[in-house]
Structures are given as structure tokens and as C-alpha cells.
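Worksheet for the structure shown next.
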Amino acid sequence: MLKQTLQQKLLQKLSPQQIQFIKLLQVPTVSLDTRIKEELEENPALEDISLANMNDPVEEYPDKDPDDDNFNDDDQSGELDEFNVDDYLQADDINDYGSSQSNGGDDEDDRKEIPIAIQNSFFENLQQQLDLLALSDKDFLIGQQIIGSLDDDGYLRRPISSLIDDLAFAQNVIAEEEEVAEILKIIQGFDPAGIGARDLQECLLIQLRKKDLENPVIKKAVNIVEDHLDEFTKKHYDKLERALNIDSEELKEIVNEILKLNPKPGDSGAVAGKQLHIIPDFHIANNDGVLHLTLNARNAPELRVSRSYQEMFDHYDKAAQKDKKMKEAVQFVKQKLDSAKWFIDAIKQRQQTLLKTMNAIMNYQYEYFLSADERKLKPMILKDIADRIDMDISTVSRVANSKYVQTEFGTFLLKSFFSEAIQTDSGEEVSNKEVKKILEECISTENKRKPLADEKLTEILKEKGYTIARRTVAKYREAMGIPVARLRKEL
């Protein structure tokens, strides 16, 4: 029986401009220059002023209030004949987002900085992913054993029975084969995709199964790797066509999908880690007890809309007759001009959002940035900053996860300033950073002939009013790169 009903749904859709802004927001400064160059190559209506004729007269780009909705879908509506040529003629500018203002640019000292290389190894990245999981002590040790047994290329070539023996003799952990296999399956879900595989076939299958399995091409790629890998590696394509009942064009598409996979995920992760550099997005200076924030704009060239494309519009506006070809050409020009203006606006809004977010973080942790004392770090979660700047938590997260700030006492990822609250016996909420600092001080002053075990550190913290589990103490110690008591012992 057919039934007709009327339903009302509230849907929120992102405009292309908003999507572009979101993607730009999470791009770190070290990659922004490349992203801008890509846009300059793809869109001839966008120009880098430093590469253009500097003798051209320039006008100021109209400022936008950061509190306004910079990306209004209504701006896209309207027929071709309704656009205003003047809107584009005013876009020939030197943008304030690229200038060396005190609140948005670099001074000469800032530009002399040497990028700092990220030191995290491939195995450290896997360990960090393991640390985020809610595992029992036993499962955590199994996970550590598996990660430590991986080869440099990311494969696990040791049999599970050998891992069980290692756990028993080295860690005093008795584990069943099913338990180790279950943790291995979890680790195989880590990034980079394909990690923890025992052979090439499993490595490729792990990567394929992370893709859209509803896609027919992916389905057949899985089929080839699972059942016809020998034919694939030997390039017996005629046998594959017969086995899958497909033609050469379909096979070519499937093969291309398989060739995109990484047969050595460990190597790629290590290389990427070595090549990645940090360029601070922000600088905080302490001027006699007053903090001064600047935004690093060295990778944001000054952009403008192409003058020649503006002249095309001017020519169209003065044309007496507009035939079909002329309208098609102008539609193309209009599309490129719109894209250029949206990109310029997105770059500008990106930097406004970065400044707004970092300024809120700096004010929230003002005492810490003045003193460099981690014990002054207040508990702070993403919602605290999102509420202060009246933005979504996801926006703050994108900034915190990929941006760095340089201070007089080091360069830090913004994410490192966020921490959960720990309640003391007196009911006061403190940051877990404070607990880590106390742990560090206890270990630095300990008797190296009889170093403090995790149990003893737990007791010391309890005496100071911090009731924390031993496992948590061990986790904090490992996060600070401090070995267990046995390895800290000195003669």
C-alpha cells in the first residue's frame, strides 16, 4: 500500500566558497605557497602582484568585516547579464592580508628564521596512535610489541607465535594467538594505510578496503589482489580479462587503481617525516610584560584579479552586439574572475580566522606565554576557544592541529596548549600539563642509584593532591620521552 506523506527537513549545505575556505584553513604555512602557486597556474584571472607589472596603478581592496558572512550564496545568483563590471575593476589591489602590518605580517627579524624539522619517526607516529586508544594494560603491551616488531617498510614479517614468546619472556605477558591477532587488526587500521601487513597481498588489500567498496572498480581491484595477484604481477592481462569478464579499458582503470597503492607504507611515512619542515604561523613576543602577536604572512603573496581579464569585461560592456560566442566567452571569463575573487577572499578570511583563534589562545594562556612555566597552563579544550571567538569547534580544531607558534622559549604546535582538567583533592581543576611538570621535576631530582618506579611516582603525586592511576603516570612519563626506572638507573 502506497502512502504519501509530507516531511520537513532542515539541511545545511556548504557553498563552494566555504569548502575552499575550510580546505585553506587547515593548510600549514609551509604548504600554503605551493597551494597558491597551483591556483595561479589553474586560474589565469588570478595574479601575483610581485610577478606582475609593478608600474600598474593599484587600488585598495575593499575590506570585509570578519564578523560578516564573507561567503554568501546569494553572491552567486543572477544571470550573466546582471553582473556589474565595476565589481571586478575594483579588485585590482594590494591586499592588506599580505602586507607587513603589526597584526598580520612579519618584521625583518621574523623572516630570518630557519625552519625546524619535525623529528617524529615512523614508529613514534604509530606509538602516538596507539596511545590514543582505550586499551587494557595487556593489550597496550601487545600493541607496543607489534609496533616494535615491524620492519622499516611497515611489514610484520615475524610470526605471531614469535611475538607471543617475546611477550612472555620480555614483558612477562601471557597472550593467546587470538588476542595478538585482534590487536594486529587494530594496528592495521592505523595510518599510513597498509601498515602491519604480513605480505604484499595483505598490504594492498588493507589499502583497498579503506576505499569505497561500493565502487565497481574498487570491488574488482580487491578481486584481482585477492584471487589473481600472481597473474597481475606477471602482467597476464588477457587471463584477468577472461577471469573478470571485462574488456581492456575496464582492466586499465582497475590496474591504475591498484598502481596508486603504496607497497611500502613504512618507507613513505619515514621519507615524508624527514622532508616536512615547520614554518611558524604565529610569533609571540614579550615586550616588557605585554604580549605581542604577529601572523607569519611570508607564504601568502599579494594577489589581485588580472587586469587583462578586467579589460575583457570592459570590452564586453561596451560591445554593441553580443552574439552567442561572445556570451560563452564572457561566461568563461566571469567564472574565472569569480574564482579569483573567492580565492583572494578565502586567503584573507583564513588569516583573519588564524589571528582571531591564536589571539584567543594567547589571552586564555596569558600567564604561560609570559612565564614559559608549564604549570601556568590552564586546562583548555577546543570549546573554550570556540565560545570565545564565536566559531565552530571544528574550525578551532583545524587551526590547532596544523599550526605552529614561535615564542621566545620555543616553537609549539597549537594543539599542545590544549589539555584536559585534572581535579585535585581540594577540588581545584588543573591542567594535566602541570602534573607532567611535577613528574619531570621528581624524576630529575631522584636518586639515580634508586630511581623512582611508576608506583612510587603515583604515591608522590597523591601526596601532593593529584589522585592519578599508575597507568596514567606511565603514559605521561612515556609521552615526555622518559624511560622506565630500570633504564634510568646509574652506578
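Numbers for the structure displayed
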{"read-out": "Estimated inter-spin distance, T467 and K324, nm [label 7 Å along Cα→Cβ]", "value": "8.1"}
{"read-out": "Proximal charge balance of P159 [Cβ under 13 Å; K/R count +1, D/E count -1]", "value": "-1"}
{"read-out": "Segment D227-K239, extension gain: residue separation times 0.36 nm, minus the distance between their alpha carbons", "value": "3.1 nm"}
{"read-out": "nm² value of the averaged projected area, convex hull over the Cα atoms of the range 337-439", "value": "7.7"}
{"read-out": "Stretchable slack from V217 to K475, in nm (0.36 nm times residue separation minus alpha-carbon distance)", "value": "88.6 nm"}
{"read-out": "Neighbour net charge for D137 - beta-carbon separation under 15 angstrom, K R +1, D E -1", "value": "-1"}
{"read-out": "The range 154-281: proportion of alpha-carbon pairs further apart than 20 angstrom, %", "value": "56"}
{"read-out": "Restraint check, K211/K264; K239/K264; K185/K383; K327/K348, Cα-Cα greater than 29 Å", "value": "K185/K383; K327/K348"}
{"read-out": "R0 of 51 Å, Cβ-Cβ distance R157-E38: FRET efficiency to nearest 0.05", "value": "0.80"}
{"read-out": "Rounded FRET efficiency, nearest 0.05, which uses the C-beta distance separating I393 from D166 and R0 of 41 Å", "value": "0.45"}
{"read-out": "Estimated distance in nm for a label pair at E367 and I174, the labels positioned 7 Å out from Cα along Cα-to-Cβ", "value": "5.1"}
{"read-out": "Segment L413-H292, extension gain: residue separation times 0.36 nm, minus the distance between their alpha carbons", "value": "41.7 nm"}
{"read-out": "Simple spin-label estimate for I19 and L259 in nanometres, 7 Å along Cα-Cβ", "value": "2.8"}
{"read-out": "Order by protection proxy (mean Cβ within 10 Å, highest first), peptides 351-363, 440-452, 252-264", "value": "351-363, 252-264, 440-452"}
{"read-out": "Rg [Å, one decimal], Dmax [Å, integer] - the range 188-255, C-alpha atoms", "value": "12.4, 36"}
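Rule-based calculations on the coordinates, nothing more; no lab input. The structure presented is a predicted model; accordingly, all values stated were derived computationally and were not measured. All Cβ positions, even for glycine, are placed from backbone atoms using ideal geometry, and neighbour counts span all protein chains on display.
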